[in-house]
């Protein structure tokens, strides 16, 4: 009985906790909405330019993706500029059965070219936000890329998501000139790619 009285004596404290939690959540949501508004205004206020007429500083480009490295997906060896492969195993237990994720392989954000009718520029997407509709291919069984051989294995499944070579991209970032050996080249460090 004394515990009930102790809670009743601190009723103001127990009313204050939810109010503080709601206030903190509202403040965080407000700050996040300001960040989204900042990105939206940045995208809306930056005009899309052609690569030949690229100016240094904040720039927006649209064009086709081209490889800088010979990157291929880990399962089917499909050429791409970014990929993520998920491998699943079918497992049965006494209570249930289903697909469980066994491993994930990703290429990471590595440099690629973006190209339009006027030229191409190297994009370094390190630290960027990707919002890309990726192509997806899925198959059951094991795949041996070096032999281009697919084995029928009903207990294995692979799902590949990728940005294939030649896909249409929109890139927003900061352009600057970078020295590469004895040559100078234009480089675009992206903040946002989609």
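Structure summary
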read-out: Selection status of residue 58, closer than 30 Å to residue 122 by Cβ and within 24 Å of the chain's Cα centre (by Cα); value: yes
read-out: Condition check for residue 39: in contact (Cβ under 8 Å) with a residue 24 or more places away in the chain and not assigned by TED's automatic domain parsing to the domain that holds residue 159; value: yes
read-out: Single unsatisfied condition, residue 166 versus (1) outside any strand (DSSP E or B); (2) modelled with pLDDT under 80; value: (2)
read-out: Qualifying positions in region 122-156 - over 15 Å from residue 82 (Cβ atoms), part of a loop (DSSP other than H, G, I, E, B) and at pLDDT below 75; value: 141, 148, 152, 153, 154
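The values are calculated or read from the model by the stated rules, or taken from the named source; none is laboratory data. None of the values given here were measured: they were computed from a predicted structure. Note: ideal-geometry Cβ built from the backbone for every residue, glycine included; neighbour counts use all protein chains shown.
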